[in-house]
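Enquirer: Got a structure for you, questions after.
The values are calculated or read from the model by the stated rules, or taken from the named source; none is laboratory data. Quantities reported herein were computed from a predicted structural model and do not represent experimental measurements. Note that we place each Cβ from the backbone using ideal geometry, even for glycine, and neighbour counts take in every protein chain shown.
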Amino acid sequence: MLGLTIGDDISYGCSSYTFTYEDIINAARRAHCYNFIEALPMGYDTSVALNGTSLLSGGEKQRIAIARALF
C-alpha cells in the first residue's frame, strides 16, 4: 500500500490521461475488492492509512495490490 487513496493506489504509475474512473472500478471488480471498497464511506477516495495506521485488513490490502497489478 502506498499511503494514497484506494483509487490512486490502484492506478499508481499510470498517467491520468490514459485511464478513466471506470477502468479503476473494472480492475477492482476483477480483483474481487469492488464490494468492500464500495462499502467504505468514501469509496475509492478513502485514504488507505490514517496516521500510519492502516484501515484495511491484510487480505483487503492484497486484493488492492492485485487490482493494481491487473490495472
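Enquirer: Look through region 8-29, keep the residues that are within 12 Å of residue 67 (Cβ to Cβ) and outside any helix (DSSP H, G or I), and return whichever of them is modelled with the lowest pLDDT.
Expert: 12
Enquirer: Suppose we filter region 32-54 for residues that are more than 10 Å from the chain's Cα centre (by Cα), closer than 14 Å to residue 10 by Cβ and not in a helix (DSSP H, G or I); how many remain? Full working, then the answer.
Expert: So in region 32-54, the residues more than 10 Å from the chain's Cα centre (by Cα) come out as 32, 35-36, 38-42, 49-54.
Of the ones still in play, those that are also closer than 14 Å to residue 10 by Cβ are 32, 36, 38, 40.
If we keep only those that are not in a helix (DSSP H, G or I) as well, we get 32, 40.
Counting residues in region 32-54 that are more than 10 Å from the chain's Cα centre (by Cα), closer than 14 Å to residue 10 by Cβ and not in a helix (DSSP H, G or I) gives 2.
Enquirer: Would you be able to tell me the number of residues in region 14-31 that are under 12 Å from the mean Cα position of the chain (by Cα) and free of Cβ contacts under 8 Å to residues at least 40 places away in the same chain?
Expert: 6
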